[in-house]
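Novice: Take this structure first; my questions come after.
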Amino acid sequence: MICAGIDAGSRAIKAVLFDPAASRVLASGLADQGVEQERLATELFDRLLRAAGLERSQISGVVATGYGRNSIRFASTTITEITCHARGVHHLAPDARTVIEIGGQDSKVIALEDGGRVRDFAMNDRCAAGTGRFLEMVASRLEMNWEKLSALAQQSRQPALISNVCAVFAETEIIGLLASGKPLPDVVAGVQNAVATRVATLAGRVAMPPVYFTGGVALQAGMARALAEVLACPVSVVPQPQFTGALGAAVLAAERVASGIRAFP
Amino acid sequence: MRVHLTSPWIPAEWVRAHGLEARGIWFADKFRQDTPPLAGGVCAFAESVVRFAETQPDSAVVLTTACDQLQRGFDAAAFRGSARVFLFNLPATQTPVARQIYRAELARLGQFLLALGGTAPAPEMLRQEMAQSDEARRRLREAAPPAAARSYAESVARFHTDGNFAAPAVCTPTAPAALALVGGPLGAKDWKLFDTIEAAGGRVVLNATLTGERSLCPTFDRSAGLPPALAAASRQDADEPEPFDALVAGYIDNLVDVFQRPNTRLYAWLKPRLLARQVRGIVLWHFTGCDLWRAEWQTLREVSGRPVLLLEADEAAGISPRDTNRLQAFVEMIKQPWPRQAN
Amino acid sequence: MATPSKLNLTQWDDRYAELRRDGLREPAYGGPLRRHVEQEKDFRLEQLQFDNSPAALRLWNFLLTENERLRQARARGEKIVGAMKDLGTVPVMAYALPGLRAFYPDGAWWTPCLMEGSDRLLQQAEALGIDASFCPVRAMLPAFQNGGHFPLPDLLLCSTGAVCDDFSAIAQRLEHLGHAILWWEMPRRRAPAAGETACALPGNLTAPKIQVDCVRAELQRVGQVLGQLAGKDLDDALLTDGIRAANHVRRLLAELRQTVYAAPRAPLPALELLVAEMLALHFCSDREECIAVLEDLLAEARARVWQNQFVSGAEAVRIFWVNPVADLRAMNLLEDLGGRICGSDFMFTHALDLIPEDLPPLEALARSALADPMAGPATDRAARIVRECRANGVEAVVVSRIPGASHCAREGEIIREIVRQTIGLPAIELEIPPVCDALLPTLASRLQALVETARAKRTK
């Protein structure tokens, strides 16, 4: 029995093929998001199948998640990304009690109980501050790419304080800091701290350690450290954090199939 | 003359006893039909009330001081020249002074109703109106637990519209995800919330919004207003006190709302119902700009011991795709096997 | 007397040394301003500009040592009363009793500004369930929880009813966090209806007797509780003395405002006037010292007017400012751009008006409390603003919005419209967060445009 998870996020579509018997990911991949979500998801799915040497008929179940999940018509069912990220992190780190997921357009803090059940969650999906979008805005403003932003933050000696909670005004504040001579690495590290602080206020309502960090922004070097500082507890980054949602979806697909719930349409 | 009430704590009986038509504004035909442009910090509901008052020259609107938004909405309406608006000072505390204020405000509202062309209420007329609404509220309260959420909301809406209603449809509970919906005024436009919750596999078993079950709290003790000895005697010999006293007591002693200070009565009302109906999660629903409800989010979690999803209505038109996503995630969460005994 | 000027903190270090050399005598809470940065982390002081007078030094030290003053009072066995929301009434009663100190925990709203966010009070408030959609008064929540700012009061009193939603909600959350509150009802002030007995209130207002009676009954209840705390009944004699003392402060403030606002140029800066006006609320926890501070300021202002020495230029545009600013820096900014404050309504004008002394004291206090500008319609506020604008030759009005404050959503529109219709003054609205640095260019543009508009009207 092989199952698949598709995470149709705001920036990228991610997919995972999962063998529950071996508890192993057979293939994973991502594609840029676009208007024709189902076509893009189908192409990605087929690409993974070829890479794994599998046919569609060998897939027992597909779960779609993410904001674009309802467009993935070949999925057996849809489950929200809250549940999927929680399941994915629990699969990778069964001791997890809090999952922080910072994506392109939103951030989530998910509290888990024993067994990976979601106990509570909080989301920021209204405001760019505290999301990957804010980091992208800053990277764009500073005319550098994501990786360079990440590297610069590592060079900071004294992160700047970004006081604004609104991304628009924070951008103005950042320019002011640079104009006043604040070193670029300190400003970038300050931006990471601002994102972490925004997320930490969500976490303050539901979080307890052990804390695991996932989502695309977890790939930014320095972000986990920034979160750990504001939360005052260790924060671990899960392996391949951009695929946690898709992995969780695949694991849930496997659980549904095992429970006898009809899979492929 | 139609008198639109913006709160279930303004006795419709009083308006009807003056010979005027009392209607809950939430279900009025032209209320919240369009999406008003909102200045920063202005609540969509309050703004809709103000605009409604401006566009209904043949009706009157009674606003209350239950919140700053409505209070200042009244100021805006009065400033813009809406003639037939009345601001009812709804006291926040539960002290003798609060009762005095409520009583005086009812009397003052009576003067307003007379000026609209109403007639001075005969005590017998008031008694009849009170008896009818009391019986209707009792029937609706008793119908709450087994009723289908949307059908129940419709029945309560009909009650607030003209006092009449059909018994709500009973539902056979199948969904394990029992939810409570708590918050401000839920109008007909917002009922797709029930559909979204049910589509996700949940079920609203307690509608504790301002226009739901909570709005049925007022009840009349026929002996209200009398000292205890006389009260006991009155039940035996059917001597009835002045109905106005009973009206005042029936409302001020029983209203349950977030604006009360302290708002312990709200939680005293909620807790046993959450337990009795095995509620597993609470959706706290409010209009953007409503500080009073938003501030209760954390307290609601702590007092109820249940997860609480905060949903806000940005505009008059209802819930957004983003909120639909949150609701689905919330229902998924509470559908999980219950790990421990609910408290 | 030194030439009036505004100094930054570094310049004040030198100025302080100079004053000490000249024999400056200070109260026990005196000292260099910089110590508040070092000891209390009031980093914002490094961004502000202060008046250079010893009177201003005393004012700032008085303000910035309040928490310490309260802790010392507690250590001496005095009882601390936390009054909330009524802004000016309950402290009059509390200070009438021996052994009581009253303050407004609401005042913690300036802590995030003064500490430039390093206090993290606003983030902590969010973790307690009150986020940025509420006004900066939410800073008092974690201050209560962590006890790191003011000492926990022995009694908490809060007015409710005709109050703003966000404050009411924050206070209710405070109670749910375990801090018992005695709530007292403030009715929504209205004009008397036909057939109702009208009562004159301070500030040219009227209200029906029934409302005054309700407030009086509530203040009686408050007085009983205060008396129990003090171990002494708050009788009419004590209350009369308390009113008299409060009126002494109010008279001083009225003279100070009149001296400054009526002067051809500003003898004292707007920032110091804002802080001074706040002393009306609860005397900054020391009624006697408050009087001394105001007397010093008044003497300085008078001396400057007499000697034709001012801090503003001759061209400064006369501005009426509505609502207090969450970031004190905004007051400096206005003056940097060519404005000067010649009138103010910081939401507690009833605490500036004299409490009637020809009425029974509780009745007098009730009328004073009911004159709270926030308990009535914005049209009443606007009427007073128009009167003061006319009296002080004001040329433009600024309505400052407090982020998250529910009353700001609508009142500004009404105030500006009435100002425009009745006296034809230009008026703007702008929102000032607790740390407004990132918004400075925007705020500056708008204030500068207002100043230019007002100046252009002069030449027409």
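Novice: Might you let me know whether the range C:148-162 holds any residue that is hydroxyl-bearing (Ser, Thr, Tyr) and buried (at least 24 other Cβ atoms within 10 Å of the Cβ)?
Specialist: yes
Residues checked against (1) of a type in the set (Val, Ile, Thr); (2) closer than 18 Å to residue C:74 by Cβ; (3) within 14 Å of chain B (Cβ to nearest Cβ):
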| residue | (1), (2), (3) |
| --- | --- |
| C:101 | no, yes, no |
| C:106 | no, no, no |
| C:109 | no, no, no |
| C:119 | no, no, no |
| C:125 | no, no, yes |
| C:143 | no, yes, no |
| C:146 | no, yes, no |
| C:154 | no, yes, no |
| C:158 | no, no, yes |
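Novice: Condition first: over 19 Å from the mean Cα position of the chain (by Cα) and crowded, with 18+ Cβ neighbours inside 10 Å. Now tell me which residues in the range B:81-102 satisfy that.
Specialist: B:82, B:84, B:85, B:97, B:98, B:100, B:101, listed by residue number.
Novice: Still on this structure: Report whether or not residue C:88 is in contact (Cβ under 8 Å) with a residue 12 or more places away in the chain and more than 14 Å from every other protein chain (Cβ to nearest Cβ).
Specialist: yes
Novice: Something else: Being under 23 Å from residue C:228 (Cα atoms) and either in a loop (DSSP other than H, G, I, E, B) or out of contact with any Pro (no Cβ under 9 Å at 6 or more places or on another chain) (or both) is the filter here; which residues of the range C:134-159 pass it?
Specialist: Correct list: C:150, C:151, C:152, C:153, C:154, C:155, C:157, C:158, C:159.
Novice: Condition first: in contact with a strand residue (DSSP E or B) (Cβ under 6 Å, 6 or more places away or on another chain), over 23 Å from residue C:128 (Cα atoms) and not assigned by TED's automatic domain parsing to the domain that holds residue B:70. Can you find one or more residues in the range B:293-315 that meet it?
Specialist: No: zero hits.
Novice: For the range C:163-203, name all the residues that are modelled with pLDDT of 95 or more and β-branched (Val, Ile, Thr).
Specialist: Correct list: C:170, C:181, C:197.
Novice: Can I ask one more? Given the residues B:94, B:56, which is the only one that is among the polar types (S, T, N, Q) and facing chain C (nearest Cβ under 10 Å)?
Specialist: B:94
Novice: Any residue at all in the range C:91-105 that is surrounded by fewer than 19 Cβ atoms within 10 Å (Cβ to Cβ), farther than 30 Å from residue C:2 by Cβ and either touching a Cys at 6+ places or on another chain (Cβ under 7 Å) or not small (Gly, Ala, Ser) (or both)?
Specialist: Checked the range C:91-105: at least one residue is surrounded by fewer than 19 Cβ atoms within 10 Å (Cβ to Cβ), farther than 30 Å from residue C:2 by Cβ and either touching a Cys at 6+ places or on another chain (Cβ under 7 Å) or not small (Gly, Ala, Ser) (or both).
Novice: For the range A:198-232, what are the residues that are outside any helix (DSSP H, G or I) and within 14 Å of another protein chain (Cβ to nearest Cβ)?
Specialist: Selection gives A:207, A:208, A:232.
Novice: Another one. Scan the range C:177-193 residue by residue and report those that are surrounded by fewer than 18 Cβ atoms within 10 Å (Cβ to Cβ), aliphatic (A, V, I, L, M) and within 19 Å of residue C:213 (Cβ to Cβ).
Specialist: Passing the criteria: C:191, C:193.
Novice: Another one. List, please: which pairs have Cβ atoms under 9 Å, are six or more places apart or on different chains, and start with a residue in the range B:284-311 that is over 19 Å from residue B:68 (Cα atoms) and end with one that is in a helix (DSSP H, G or I) and of a type in the set (Ser, Thr, Tyr)?
Specialist: What qualifies is B:299/B:267; B:300/B:267; B:303/B:267; B:304/B:267.
Novice: In addition: What are the residues in the range C:429-460 that are under 30 Å from residue C:121 (Cα atoms), outside any helix (DSSP H, G or I) and away from every other protein chain (no Cβ under 14 Å), if any?
Specialist: Correct list: empty.
Novice: Please enumerate the residues belonging to the range A:159-186 that are away from chain C (no Cβ under 14 Å) and at negative phi.
Specialist: A:183, A:184, A:185, A:186
Novice: Given (1) modelled with pLDDT under 95; (2) in a helix (DSSP H, G or I); (3) among the hydrophobic types (A, V, I, L, M, F, W, C), identify the lone condition not met by residue B:104.
Specialist: All conditions pass for residue B:104, except number (1).
Okay, residues lined up against (1) more than 25 Å from residue C:161 (Cβ to Cβ); (2) crowded, with 19+ Cβ neighbours inside 10 Å; (3) not assigned by TED's automatic domain parsing to the domain that holds residue B:117:
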position: B:31; (1), (2), (3): yes, yes, no
position: B:37; (1), (2), (3): yes, no, no
position: B:44; (1), (2), (3): no, yes, no
position: B:55; (1), (2), (3): yes, no, no
position: B:64; (1), (2), (3): no, yes, no
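Novice: Out of the range B:167-198, which residues are in a loop (DSSP other than H, G, I, E, B) and touching a Lys or Arg at 6+ places or on another chain (Cβ under 7 Å)?
Specialist: Listed by number, the residues that qualify are B:173, B:175, B:176, B:187, B:191.
Novice: Let me ask something else. Could you give me the residue pairs with C-beta distances under 6 Å whose first residue belongs to the range C:347-361 and is of a type in the set (Ser, Thr, Tyr), whose second residue is in a helix (DSSP H, G or I) wherever it lies, and which are 6+ apart or on separate chains?
Specialist: Final answer for the pair search is C:349/C:373.
Novice: Report, by residue number, each residue of the range C:151-205 that is of a type outside the set (Val, Ile, Thr), over 23 Å from residue C:105 (Cα atoms) and without any contact (Cβ under 8 Å) to a residue 24 or more places away in the chain.
Specialist: C:191, C:192, C:193, C:194, C:195, C:196, C:198
Yes/no matrix, rows are residues, columns are (1) within 11 Å of another protein chain (Cβ to nearest Cβ); (2) out of contact with any His (no Cβ under 8 Å at 6 or more places or on another chain); (3) crowded, with 21+ Cβ neighbours inside 10 Å; (4) part of a helix (DSSP H, G or I):
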residue	(1), (2), (3), (4)
B:251	no, yes, yes, yes
B:259	yes, yes, yes, no
B:268	no, yes, no, yes
B:293	yes, no, yes, yes
B:303	yes, no, no, yes
B:309	yes, yes, yes, no
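Novice: Which residues, counting only those in the range C:196-208, are within 18 Å of residue B:101 (Cα to Cα), away from chain B (no Cβ under 11 Å) and of a type outside the set (S, T, N, Q)?
Specialist: C:198, C:199, C:207
Novice: For the range C:378-406, give me each residue that is outside any strand (DSSP E or B) and of a type in the set (Ser, Thr, Tyr).
Specialist: C:379, C:406
Novice: Which one of B:92, B:66, B:157 is in contact with a strand residue (DSSP E or B) (Cβ under 8 Å, 6 or more places away or on another chain), closer than 27 Å to residue B:204 by Cβ, touching a residue at least 40 places away in the same chain (Cβ under 8 Å) and not in a strand (DSSP E or B)?
Specialist: B:157
Novice: Residue by residue through the range C:167-195, note down the ones that are in a loop (DSSP other than H, G, I, E, B), charged (D, E, K, R) and within 9 Å of chain B (Cβ to nearest Cβ).
Specialist: Taking the range C:167-195 first, the residues in a loop (DSSP other than H, G, I, E, B) are C:177-181, C:187-195.
Still in the running and charged (D, E, K, R): C:188-190.
Result: C:188, C:190.
Novice: If I filter the range C:209-224 down to residues being more than 10 Å from chain B (Cβ to nearest Cβ) and surrounded by 17 or more Cβ atoms within 10 Å (Cβ to Cβ), which single residue comes out as farthest from residue C:85 (Cα to Cα)?
Specialist: C:212
Novice: Would you say residue C:412 is small (Gly, Ala, Ser), assigned to a loop (DSSP other than H, G, I, E, B) and over 20 Å from residue C:281 (Cβ atoms)?
Specialist: For residue C:412, the condition - small (Gly, Ala, Ser), assigned to a loop (DSSP other than H, G, I, E, B) and over 20 Å from residue C:281 (Cβ atoms) - is not met.
Novice: Residue under question is residue B:149, and the condition is that it be away from every other protein chain (no Cβ under 14 Å) and either in contact with a helix residue (DSSP H, G or I) (Cβ under 7 Å, 6 or more places away or on another chain) or touching a residue at least 60 places away in the same chain (Cβ under 8 Å) (or both); does it hold?
Specialist: Numbers: away from every other protein chain (no Cβ under 14 Å): yes; either in contact with a helix residue (DSSP H, G or I) (Cβ under 7 Å, 6 or more places away or on another chain) or touching a residue at least 60 places away in the same chain (Cβ under 8 Å) (or both): yes.
It is true that residue B:149 is away from every other protein chain (no Cβ under 14 Å) and either in contact with a helix residue (DSSP H, G or I) (Cβ under 7 Å, 6 or more places away or on another chain) or touching a residue at least 60 places away in the same chain (Cβ under 8 Å) (or both).
The values are calculated or read from the model by the stated rules, or taken from the named source; none is laboratory data. Quick caveat, the model's predicted, so the values are computed rather than measured. Reconstructed Cβ throughout: ideal geometry from the backbone, glycine too, with neighbour counts over all protein chains shown.
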